[in-house]
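Q: Pasting a structure below so you can have a look.
The values are calculated or read from the model by the stated rules, or taken from the named source; none is laboratory data. Just so you know, these numbers come straight off a predicted model, no measurement behind them. FYI the Cβ positions are ideal-geometry reconstructions off the backbone, even for glycines, and counts take in every protein chain you see.
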Amino acid sequence: MHGIYVRVRILALASAVVATSLASASTASAASYVLTVLDDPAANGFTAGLDINNSGQVTGQFFDSAGVNHGFIESGGVYTTLDDPAALPGATFAQGINDASQVTGFFADSTGIHGFIESGGVYSTLDDPAALPGQTFAGRINDAGQVVGAFSDATGYHGFIESGGVYTTLDDPDALPGNTYASAISDAGQVVGQFSDATGYHGFIESGGVYTTLDDPDAFPGNTSATGVNISGQVVGTFYGATGFHSFIETGGVYSSFDIPVASPEGTFAREINDAGQIVGAFEDVNGEHAFVATLTSDVPEPATWGLMILGLGGIGASLRRRRNTTVSNS
């Protein structure tokens, strides 16, 4: 299953000060970020951030000391565990959060996979009526309460939008039959995800029924996946090219690589971007797997100037179970 849940393998923070420029097309304007590393205190070496709302609340997944998976919400340094009561143990996968703190995702029970929406501690199941039993994967949710995801039927996988109990199927016209997966939806109603054709997989953005293919120019053909979108139409995702796996930000048709220098090679996974331009995701280093939030702290650069530098991650390898802030800048 692509585009909804990808287990991110992440390795641990180096205890050294790093000042390394991230990939970018130019440095015509400066931008600064604060990199916040998130590790659920109940986690045992694996925390992955998958969505961030406009209040800065993060949702994602962690593995506990027994290796059991759980969802979480992080808000102001406080972590709340999410386990759908209908799920089998370790089978709740939180994917999205909106500004009302509603969380979406999917869970497994004895009949298969089902979507869910959690609101104020109450879990409601989402099953696309066109899906085979136990084959609905809910992804993200916007502020209007619209949920996107994917379902499978006899022909394969299809994207969907659920709005007020009504499900609309999404199939990219360039996709092979049964090969469209919707990942995220913005407050403007734009949907991103990926589809597969004879050449591989490609990102897409759908707006008003019109599908636009997204292929990072540094990617090998058929190796781009779009995972997040904000109200401005900025898209984040991942690609695979000559130097391995990388994340990207796409703004107005311009692609910029996004790699955290302290991460292991091919170890940065951008998953979503909120309306303030905060990017959430996960990264690997030599000791574990961690969620991150990259927060813009200066004027938004020109589309081709997402070069970044990370400064001052000294002495943090010993303790990974708290919120940590590190300044990220480019010049």
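Q: (1) at pLDDT below 95; (2) of a type in the set (F, W, Y); (3) buried (at least 22 other Cβ atoms within 10 Å of the Cβ): which one isn't true of F62, the others all being true?
A: That leaves (1) as the condition not met.
Q: Regarding the stretch 31-39, can at least one residue be identified that is surrounded by fewer than 18 Cβ atoms within 10 Å (Cβ to Cβ), assigned to a loop (DSSP other than H, G, I, E, B) and over 14 Å from the mean Cα position of the chain (by Cα)?
A: There is no residue in the stretch 31-39 that is surrounded by fewer than 18 Cβ atoms within 10 Å (Cβ to Cβ), assigned to a loop (DSSP other than H, G, I, E, B) and over 14 Å from the mean Cα position of the chain (by Cα).
Q: Restricting the search to the stretch 224-234, which residues are closer than 20 Å to A138 by Cβ and not in a loop (DSSP other than H, G, I, E, B)?
A: Answer for the stretch 224-234, where residues must be closer than 20 Å to A138 by Cβ and not in a loop (DSSP other than H, G, I, E, B): S225, A226, T227, G228, V229.
Q: Suppose we filter G317, G228, G281, G312 for residues that are under 23 Å from D39 (Cβ atoms), at pLDDT below 50 and out of contact with any Leu (no Cβ under 6 Å at 6 or more places or on another chain); which single one remains?
A: G312
Q: Scanning for something surrounded by 22 or more Cβ atoms within 10 Å (Cβ to Cβ), charged (D, E, K, R) and either over 25 Å from A43 (Cα atoms) or touching a Cys at 6+ places or on another chain (Cβ under 6 Å) (or both), does the stretch 122-135 turn up at least one residue?
A: Yes, the stretch 122-135 contains at least one residue that is surrounded by 22 or more Cβ atoms within 10 Å (Cβ to Cβ), charged (D, E, K, R) and either over 25 Å from A43 (Cα atoms) or touching a Cys at 6+ places or on another chain (Cβ under 6 Å) (or both).
Q: If you don't mind, another one. How many residues does the stretch 254-278 hold that are free of Cβ contacts under 8 Å to residues at least 24 places away in the same chain and either in a loop (DSSP other than H, G, I, E, B) or over 23 Å from H202 (Cβ atoms) (or both)?
A: 2
Q: Given (1) at pLDDT below 95; (2) buried (at least 23 other Cβ atoms within 10 Å of the Cβ); (3) in a strand (DSSP E or B), where does A291 come up short, assuming only one miss?
A: (1)
Q: Let me ask you something else. Given (1) among the β-branched types (V, I, T); (2) over 20 Å from the mean Cα position of the chain (by Cα); (3) at pLDDT 85 or above; (4) closer than 29 Å to A43 by Cβ, identify the lone condition not met by T243.
A: (4)
Q: Yes or no: the stretch 216-225 includes at least one residue that is under 13 Å from the mean Cα position of the chain (by Cα) and either among the acidic types (D, E) or modelled with pLDDT under 95 (or both).
A: Within the stretch 216-225 (the criterion being under 13 Å from the mean Cα position of the chain (by Cα) and either among the acidic types (D, E) or modelled with pLDDT under 95 (or both)), the answer is no, since none of the residues qualifies.
Conditions tested, residue by residue: (1) under 20 Å from the mean Cα position of the chain (by Cα); (2) part of a strand (DSSP E or B); (3) among the polar types (S, T, N, Q); (4) at pLDDT 95 or above.
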site: T80; (1), (2), (3), (4): yes, yes, yes, yes
site: A86; (1), (2), (3), (4): no, no, no, yes
site: P89; (1), (2), (3), (4): no, no, no, yes
site: F93; (1), (2), (3), (4): yes, yes, no, yes
site: G96; (1), (2), (3), (4): yes, yes, no, yes
site: D99; (1), (2), (3), (4): yes, no, no, yes
site: F106; (1), (2), (3), (4): yes, yes, no, yes
site: H114; (1), (2), (3), (4): yes, yes, no, yes
site: E118; (1), (2), (3), (4): yes, yes, no, yes
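Q: Another question, if that's okay. Can you tell me which residue is surrounded by the most Cβ atoms within 10 Å (Cβ to Cβ) among those in the stretch 237-288 that are of a type in the set (D, E, K, R) and in contact with a Lys or Arg (Cβ under 9 Å, 6 or more places away or on another chain)?
A: If we take residues in the stretch 237-288 being of a type in the set (D, E, K, R) and in contact with a Lys or Arg (Cβ under 9 Å, 6 or more places away or on another chain), then E272 is surrounded by the most Cβ atoms within 10 Å (Cβ to Cβ).
Q: Mind listing whichever residues of the stretch 207-223 are on the phi < 0 side of the Ramachandran plot, part of a strand (DSSP E or B) and not β-branched (V, I, T)?
A: S207, Y211, L214, A219, F220, P221, N223
Q: Please identify the pairs in which a residue from the stretch 63-81 that is among the hydrophobic types (A, V, I, L, M, F, W, C) has its Cβ atom under 9 Å from the Cβ atom of a residue that is in a strand (DSSP E or B) and modelled with pLDDT under 95, counting only partners at least 6 apart or on another chain.
A: Close Cβ pairs satisfying both conditions: F63/E289.
Q: Let me ask something additional. Among the aliphatic types (A, V, I, L, M), modelled with pLDDT of 95 or more and farther than 24 Å from V262 by Cβ, is that true of I73?
A: The answer is yes for I73.
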